[in-house]
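To keep things clear, I will list the structure first and then write my remarks on it.
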Amino acid sequence: MIYDLIIIGSGPAGLTAAIYAMRAKLNTLVIEESGASGGQVLTTYEVDNYPALPGIGGFELGTKMREHADKMGASFVDATVMELINEGKTKKVVTGNETYETRSVIIATGASHAKLNIPGEETLAGMGVSYCATCDGAFFKNRTTAVVGGGDVAVEDAIFLSRLCKKVYLIHRRDSLRAAQILQDNLREIHNIEVIWDSVVTQIQGEEQVEKLIVKNVKKEETSELPVDGIFIAVGIHPNTARFQPLLKTDKAGYITADETGVTNVPGIFVAGDARTKQLRQIVTAVSDGANAVTSVQQYFIS
(Lines give C-alpha, C1' and ligand atoms only; values in the text may rest on other atoms or scores of the structure.)
Protein backbone atom coordinates (compact mmCIF):
# COMPACT_ATOMS: atom_id res chain seq x y z
CA MET A 1 0.00 0.00 0.00
CA ILE A 2 1.14 3.53 -0.77
CA TYR A 3 -0.33 6.10 1.61
CA ASP A 4 -1.23 9.63 0.59
CA LEU A 5 0.30 10.93 3.81
CA ILE A 6 2.31 9.63 6.73
CA ILE A 7 2.50 11.79 9.85
CA ILE A 8 5.47 11.10 12.10
CA GLY A 9 4.58 12.06 15.66
CA SER A 10 1.33 12.34 17.60
CA GLY A 11 1.62 15.50 19.65
CA PRO A 12 -0.76 18.44 19.08
CA ALA A 13 0.75 19.15 15.64
CA GLY A 14 0.56 15.53 14.48
CA LEU A 15 -2.93 14.95 15.83
CA THR A 16 -4.25 18.15 14.27
CA ALA A 17 -2.67 17.15 10.97
CA ALA A 18 -4.39 13.77 11.25
CA ILE A 19 -7.78 15.43 11.81
CA TYR A 20 -7.34 17.77 8.84
CA ALA A 21 -5.99 14.97 6.66
CA MET A 22 -9.04 12.81 7.33
CA ARG A 23 -11.33 15.76 6.55
CA ALA A 24 -9.43 16.09 3.26
CA LYS A 25 -10.05 12.38 2.54
CA LEU A 26 -6.34 11.57 2.43
CA ASN A 27 -5.29 7.97 3.05
CA THR A 28 -3.26 8.71 6.17
CA LEU A 29 -1.14 6.83 8.70
CA VAL A 30 0.09 8.35 11.95
CA ILE A 31 3.28 6.81 13.34
CA GLU A 32 3.14 7.27 17.09
CA GLU A 33 6.61 7.11 18.58
CA SER A 34 6.08 7.76 22.27
CA GLY A 35 3.49 5.06 22.98
CA ALA A 36 0.86 7.67 23.87
CA SER A 37 -0.74 10.54 21.98
CA GLY A 38 -0.29 14.12 23.10
CA GLY A 39 3.45 14.73 23.17
CA GLN A 40 4.84 17.05 25.82
CA VAL A 41 1.35 18.24 26.78
CA LEU A 42 0.81 14.94 28.61
CA THR A 43 3.30 15.99 31.30
CA THR A 44 1.66 19.39 31.84
CA TYR A 45 -0.45 19.37 34.97
CA GLU A 46 -2.70 22.23 33.86
CA VAL A 47 -2.94 24.20 30.61
CA ASP A 48 -4.01 27.78 31.19
CA ASN A 49 -3.44 29.34 27.76
CA TYR A 50 -5.27 27.12 25.30
CA PRO A 51 -8.26 29.12 23.97
CA ALA A 52 -11.69 28.22 25.36
CA LEU A 53 -10.29 25.51 27.67
CA PRO A 54 -8.58 27.38 30.53
CA GLY A 55 -7.29 25.10 33.25
CA ILE A 56 -7.70 21.86 31.32
CA GLY A 57 -5.29 19.12 32.34
CA GLY A 58 -2.56 18.34 29.85
CA PHE A 59 -3.37 14.63 29.83
CA GLU A 60 -7.05 15.40 29.24
CA LEU A 61 -6.28 17.77 26.38
CA GLY A 62 -3.98 15.23 24.71
CA THR A 63 -6.61 12.51 25.16
CA LYS A 64 -9.33 14.68 23.63
CA MET A 65 -7.16 15.42 20.60
CA ARG A 66 -6.51 11.72 20.08
CA GLU A 67 -10.22 10.93 20.48
CA HIS A 68 -11.03 13.54 17.83
CA ALA A 69 -8.53 11.97 15.42
CA ASP A 70 -9.96 8.50 16.16
CA LYS A 71 -13.48 9.77 15.52
CA MET A 72 -12.36 11.06 12.12
CA GLY A 73 -11.02 7.59 11.30
CA ALA A 74 -7.28 8.20 11.49
CA SER A 75 -5.05 5.11 11.57
CA PHE A 76 -2.24 4.84 14.12
CA VAL A 77 0.72 2.52 14.52
CA ASP A 78 3.27 2.43 17.34
CA ALA A 79 6.78 2.45 15.91
CA THR A 80 10.06 4.33 15.93
CA VAL A 81 11.10 5.88 12.64
CA MET A 82 14.72 5.10 11.88
CA GLU A 83 15.08 6.73 8.47
CA LEU A 84 13.22 8.77 5.88
CA ILE A 85 14.12 8.06 2.26
CA ASN A 86 13.20 10.39 -0.59
CA GLU A 87 12.47 8.59 -3.86
CA GLY A 88 10.97 11.52 -5.71
CA LYS A 89 7.21 11.18 -5.93
CA THR A 90 7.20 8.54 -3.22
CA LYS A 91 8.94 8.45 0.15
CA LYS A 92 9.91 5.50 2.32
CA VAL A 93 9.49 5.71 6.08
CA VAL A 94 11.66 3.05 7.67
CA THR A 95 10.78 1.81 11.17
CA GLY A 96 12.29 -0.94 13.27
CA ASN A 97 9.80 -3.50 11.96
CA GLU A 98 8.44 -2.26 8.67
CA THR A 99 8.96 0.14 5.79
CA TYR A 100 6.00 2.25 4.69
CA GLU A 101 5.57 3.98 1.32
CA THR A 102 3.80 7.30 0.98
CA ARG A 103 3.30 10.19 -1.40
CA SER A 104 3.95 12.78 1.31
CA VAL A 105 5.23 13.09 4.87
CA ILE A 106 4.60 15.50 7.72
CA ILE A 107 7.30 15.47 10.39
CA ALA A 108 5.80 16.34 13.77
CA THR A 109 8.39 14.85 16.08
CA GLY A 110 8.64 17.91 18.30
CA ALA A 111 11.51 18.88 20.54
CA SER A 112 12.76 17.70 23.90
CA HIS A 113 13.78 19.88 26.83
CA ALA A 114 17.20 19.17 28.24
CA LYS A 115 16.86 17.87 31.78
CA LEU A 116 18.94 18.11 34.92
CA ASN A 117 18.50 14.38 35.58
CA ILE A 118 18.38 14.84 39.34
CA PRO A 119 16.19 13.25 42.03
CA GLY A 120 12.69 14.72 42.12
CA GLU A 121 12.70 16.10 38.57
CA GLU A 122 10.62 13.32 37.07
CA THR A 123 8.37 12.62 40.05
CA LEU A 124 7.44 16.29 40.48
CA ALA A 125 7.09 17.08 36.77
CA GLY A 126 3.92 19.13 36.35
CA MET A 127 3.76 19.62 40.11
CA GLY A 128 6.08 22.57 40.29
CA VAL A 129 8.73 21.36 37.86
CA SER A 130 8.30 23.07 34.50
CA TYR A 131 10.28 23.70 31.34
CA CYS A 132 8.14 26.56 30.05
CA ALA A 133 7.71 29.80 31.99
CA THR A 134 5.25 31.31 29.51
CA CYS A 135 3.13 28.15 29.73
CA ASP A 136 3.06 27.71 33.50
CA GLY A 137 4.18 30.98 35.05
CA ALA A 138 0.65 32.17 35.77
CA PHE A 139 0.21 29.35 38.29
CA PHE A 140 2.90 30.88 40.50
CA LYS A 141 1.51 34.37 40.94
CA ASN A 142 2.80 35.96 44.16
CA ARG A 143 4.85 32.86 44.94
CA THR A 144 8.56 32.03 44.96
CA THR A 145 10.19 30.31 42.00
CA ALA A 146 13.63 29.42 40.69
CA VAL A 147 14.98 29.36 37.15
CA VAL A 148 17.96 27.16 36.28
CA GLY A 149 20.22 28.24 33.42
CA GLY A 150 22.34 31.10 32.18
CA GLY A 151 21.41 31.64 28.55
CA ASP A 152 18.88 33.90 26.84
CA VAL A 153 15.91 31.66 27.60
CA ALA A 154 16.74 31.37 31.29
CA VAL A 155 17.14 35.12 31.71
CA GLU A 156 14.00 35.83 29.69
CA ASP A 157 12.11 33.34 31.87
CA ALA A 158 13.37 35.00 35.05
CA ILE A 159 12.33 38.44 33.79
CA PHE A 160 8.92 37.12 32.76
CA LEU A 161 8.36 35.43 36.11
CA SER A 162 9.44 38.53 38.03
CA ARG A 163 6.27 40.26 36.85
CA LEU A 164 4.16 37.53 38.42
CA CYS A 165 6.12 36.10 41.32
CA LYS A 166 7.00 37.50 44.70
CA LYS A 167 10.58 36.27 44.36
CA VAL A 168 12.61 34.68 41.56
CA TYR A 169 15.98 32.97 41.96
CA LEU A 170 18.18 32.49 38.91
CA ILE A 171 20.57 29.61 39.54
CA HIS A 172 23.63 29.37 37.29
CA ARG A 173 26.60 27.04 37.53
CA ARG A 174 29.11 29.69 36.46
CA ASP A 175 30.04 33.19 37.65
CA SER A 176 28.79 34.93 34.50
CA LEU A 177 25.77 34.58 32.24
CA ARG A 178 25.77 33.59 28.57
CA ALA A 179 22.67 35.67 27.81
CA ALA A 180 22.73 38.75 25.59
CA GLN A 181 24.04 41.83 27.38
CA ILE A 182 20.77 43.72 27.01
CA LEU A 183 18.96 40.91 28.83
CA GLN A 184 21.58 40.92 31.58
CA ASP A 185 21.19 44.68 31.96
CA ASN A 186 17.42 44.30 32.28
CA LEU A 187 17.86 41.52 34.80
CA ARG A 188 20.04 43.62 37.11
CA GLU A 189 17.38 46.32 37.31
CA ILE A 190 14.68 43.99 38.67
CA HIS A 191 14.55 44.02 42.45
CA ASN A 192 12.82 40.68 43.03
CA ILE A 193 15.31 38.58 41.06
CA GLU A 194 18.30 37.15 42.91
CA VAL A 195 21.09 35.40 41.02
CA ILE A 196 22.73 32.44 42.76
CA TRP A 197 26.15 32.09 41.13
CA ASP A 198 28.45 29.08 40.80
CA SER A 199 25.67 26.74 41.84
CA VAL A 200 23.75 23.71 40.65
CA VAL A 201 20.53 22.10 41.80
CA THR A 202 21.23 18.57 42.98
CA GLN A 203 17.76 17.60 44.18
CA ILE A 204 14.14 18.76 44.02
CA GLN A 205 12.10 17.95 47.09
CA GLY A 206 8.40 17.96 47.92
CA GLU A 207 5.53 15.63 48.67
CA GLU A 208 2.81 16.43 46.11
CA GLN A 209 4.30 19.78 45.06
CA VAL A 210 7.77 21.30 44.85
CA GLU A 211 8.73 22.60 48.28
CA LYS A 212 12.49 23.15 48.20
CA LEU A 213 15.70 22.69 46.23
CA ILE A 214 19.02 21.32 47.34
CA VAL A 215 21.61 23.69 45.88
CA LYS A 216 25.35 23.07 45.75
CA ASN A 217 27.97 25.78 45.31
CA VAL A 218 30.48 24.17 42.95
CA LYS A 219 33.38 26.36 44.07
CA LYS A 220 32.90 26.20 47.83
CA GLU A 221 31.53 22.64 47.78
CA GLU A 222 28.77 23.82 50.12
CA THR A 223 25.18 22.59 50.04
CA SER A 224 22.11 24.54 51.14
CA GLU A 225 18.31 24.32 51.00
CA LEU A 226 16.26 26.82 49.00
CA PRO A 227 12.49 26.95 49.69
CA VAL A 228 10.55 27.51 46.46
CA ASP A 229 7.11 26.76 45.08
CA GLY A 230 8.30 25.95 41.57
CA ILE A 231 11.37 25.44 39.43
CA PHE A 232 11.72 26.31 35.75
CA ILE A 233 14.48 24.41 33.99
CA ALA A 234 15.95 26.30 31.03
CA VAL A 235 19.17 24.52 30.18
CA GLY A 236 18.40 23.87 26.52
CA ILE A 237 15.97 22.31 24.08
CA HIS A 238 16.79 19.83 21.35
CA PRO A 239 14.63 19.25 18.26
CA ASN A 240 13.98 15.58 17.54
CA THR A 241 15.25 15.85 13.98
CA ALA A 242 18.70 14.24 13.86
CA ARG A 243 17.51 11.20 11.90
CA PHE A 244 16.16 13.43 9.12
CA GLN A 245 19.51 15.07 8.47
CA PRO A 246 21.15 15.68 6.05
CA LEU A 247 18.08 15.06 3.89
CA LEU A 248 16.30 18.11 5.26
CA LYS A 249 17.77 21.56 5.68
CA THR A 250 18.01 22.71 9.30
CA ASP A 251 19.26 25.73 11.19
CA LYS A 252 22.32 25.59 13.46
CA ALA A 253 20.24 24.29 16.36
CA GLY A 254 18.81 21.44 14.29
CA TYR A 255 15.30 22.80 13.69
CA ILE A 256 13.96 21.95 10.23
CA THR A 257 13.88 25.09 8.12
CA ALA A 258 10.31 26.01 7.17
CA ASP A 259 7.85 28.87 7.56
CA GLU A 260 4.22 28.57 8.66
CA THR A 261 3.36 26.58 5.52
CA GLY A 262 5.55 23.73 6.74
CA VAL A 263 7.21 23.41 3.32
CA THR A 264 10.76 22.03 3.56
CA ASN A 265 13.55 21.91 1.00
CA VAL A 266 12.38 18.47 -0.18
CA PRO A 267 9.14 18.43 -2.22
CA GLY A 268 6.52 16.27 -0.54
CA ILE A 269 8.06 16.47 2.92
CA PHE A 270 6.60 18.94 5.41
CA VAL A 271 7.17 19.83 9.05
CA ALA A 272 4.81 20.97 11.80
CA GLY A 273 5.14 21.88 15.44
CA ASP A 274 8.21 22.30 17.62
CA ALA A 275 10.53 20.58 15.14
CA ARG A 276 10.46 23.53 12.76
CA THR A 277 12.06 26.97 12.88
CA LYS A 278 9.62 29.32 14.58
CA GLN A 279 9.34 32.09 17.13
CA LEU A 280 6.93 30.53 19.61
CA ARG A 281 6.62 26.87 20.58
CA GLN A 282 3.25 26.43 22.25
CA ILE A 283 0.29 24.06 21.90
CA VAL A 284 -1.69 26.64 19.97
CA THR A 285 1.10 27.19 17.42
CA ALA A 286 1.61 23.44 17.03
CA VAL A 287 -2.09 23.00 16.27
CA SER A 288 -1.90 25.78 13.69
CA ASP A 289 1.14 24.15 12.11
CA GLY A 290 -0.66 20.84 11.76
CA ALA A 291 -3.53 22.44 9.87
CA ASN A 292 -1.20 24.46 7.64
CA ALA A 293 0.95 21.45 6.82
CA VAL A 294 -2.02 19.44 5.56
CA THR A 295 -3.12 22.40 3.44
CA SER A 296 0.40 22.43 1.95
CA VAL A 297 0.14 18.68 1.27
CA GLN A 298 -3.07 19.25 -0.67
CA GLN A 299 -1.48 22.03 -2.67
CA TYR A 300 1.52 19.81 -3.39
CA PHE A 301 -0.74 17.13 -4.84
CA ILE A 302 -2.39 19.51 -7.29
CA SER A 303 0.71 21.47 -8.28
### Message
Taking the criterion of being aliphatic (A, V, I, L, M), under 17 Å from A114 (Cβ atoms) and assigned to a loop (DSSP other than H, G, I, E, B), would at least one residue in the stretch 179-200 satisfy it?
### Response
yes
### Query
Given the conditions (1) surrounded by 15 or more Cβ atoms within 10 Å (Cβ to Cβ); (2) touching a Gly at 6+ places or on another chain (Cβ under 7 Å), which single one is not true for M82?
(1)
### Task
Could you tell me whether the stretch 237-248 includes any residue that is aliphatic (A, V, I, L, M) and touching a His at 6+ places or on another chain (Cβ under 8 Å)?
yes
## Note on the structure
For the stretch 179-193, pairs from a residue that is within 13 Å of D152 (Cβ to Cβ) to a residue that is among the acidic types (D, E), with Cβ under 7 Å and 6 or more apart or across chains, are A179/D152; A180/D152; L183/D152; L183/E156
### Message
outside the structural domain of V294 (by TED's automatic domain parsing) and either free of Cβ contacts under 8 Å to residues at least 12 places away in the same chain or buried (at least 22 other Cβ atoms within 10 Å of the Cβ) (or both): is that true of A138 in this structure?
### Response
no
## Note on the structure
By residue number, the members of the stretch 13-53 that are more than 27 Å from S130 (Cα to Cα) and assigned to a helix (DSSP H, G or I) are A18, I19, Y20, A21, M22, R23
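Identify, please: which residue in the stretch 115-167 is in a strand (DSSP E or B) and of a type in the set (A, V, I, L, M) and is, among those, farthest from E225 (Cα to Cα)?
Residues of the stretch 115-167 that are in a strand (DSSP E or B), as a first pass: 125, 129-130, 144-148, 167.
Cutting the leftovers down to of a type in the set (A, V, I, L, M) gives us 125, 129, 146-148.
On the way: A125: 20, V129: 17, A146: 12, V147: 15, V148: 15 Å.
So the residue we want is A125.
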## Note on the structure
Counting only residues in the stretch 141-172 that are among the polar types (S, T, N, Q) and touching a residue at least 60 places away in the same chain (Cβ under 8 Å), the one farthest from Q184 (Cα to Cα) is identified as T144
### Message
Checking the structure you have, find out if any residue of the stretch 46-66 is closer than 28 Å to N97 by Cβ and among the basic types (K, R).
### Response
yes
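Just to be sure, is A108 surrounded by 20 or more Cβ atoms within 10 Å (Cβ to Cβ), under 30 Å from Q298 (Cα atoms), under 23 Å from the mean Cα position of the chain (by Cα) and hydrophobic (A, V, I, L, M, F, W, C)?
Details: surrounded by 20 or more Cβ atoms within 10 Å (Cβ to Cβ): yes; under 30 Å from Q298 (Cα atoms): yes; under 23 Å from the mean Cα position of the chain (by Cα): yes; hydrophobic (A, V, I, L, M, F, W, C): yes.
The answer is yes for A108.
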### Message
With the requirement that a residue be touching a Lys or Arg at 6+ places or on another chain (Cβ under 8 Å) and either over 16 Å from L213 (Cβ atoms) or among the β-branched types (V, I, T) (or both), what does the stretch 108-135 give you?
### Response
A111
## Note on the structure
Only one of (1) of a type in the set (K, R); (2) over 21 Å from F301 (Cα atoms); (3) out of contact with any helix residue (DSSP H, G or I) (no Cβ under 9 Å at 6 or more places or on another chain) does not apply to R66, and that is (3)
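Residue-by-condition table, conditions (1) surrounded by 16 or more Cβ atoms within 10 Å (Cβ to Cβ); (2) in the same structural domain as F244 (by TED's automatic domain parsing); (3) on the phi < 0 side of the Ramachandran plot:
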| site | (1), (2), (3) |
| --- | --- |
| G58 | yes, yes, yes |
| G73 | no, yes, no |
| F76 | yes, yes, yes |
| T90 | no, yes, yes |
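Can you find a residue that is β-branched (V, I, T), over 30 Å from E122 (Cβ atoms) and in contact with a helix residue (DSSP H, G or I) (Cβ under 6 Å, 6 or more places away or on another chain) anywhere in the stretch 254-261? Explain how you work it out, then say what you get.
From the stretch 254-261, those β-branched (V, I, T) are 256-257, 261; that's our starting set.
This time we only want the ones that are over 30 Å from E122 (Cβ atoms), so: 257, 261.
With in contact with a helix residue (DSSP H, G or I) (Cβ under 6 Å, 6 or more places away or on another chain) added as a condition, the list becomes 261.
Checked the stretch 254-261: at least one residue is β-branched (V, I, T), over 30 Å from E122 (Cβ atoms) and in contact with a helix residue (DSSP H, G or I) (Cβ under 6 Å, 6 or more places away or on another chain).
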#### Entry: Pick from the stretch 90-114, criterion modelled with pLDDT under 95 and in a strand (DSSP E or B), ranking: farthest from F270 (Cα to Cα)
H113
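Quick test for you: out of R173, R178, pick the one residue that is touching a Ser or Thr at 6+ places or on another chain (Cβ under 8 Å), of a type in the set (K, R) and surrounded by 13 or more Cβ atoms within 10 Å (Cβ to Cβ).
Details: R178 fails: touching a Ser or Thr at 6+ places or on another chain (Cβ under 8 Å).
Step by step, each of R173, R178 is checked, and only R173 is touching a Ser or Thr at 6+ places or on another chain (Cβ under 8 Å), of a type in the set (K, R) and surrounded by 13 or more Cβ atoms within 10 Å (Cβ to Cβ).
The values are calculated or read from the model by the stated rules, or taken from the named source; none is laboratory data. Given the structure is predicted, the values throughout are model-derived calculations rather than measurements. No Cβ is skipped: glycine too gets one built from the backbone with ideal geometry, and neighbour counts run over all protein chains shown.
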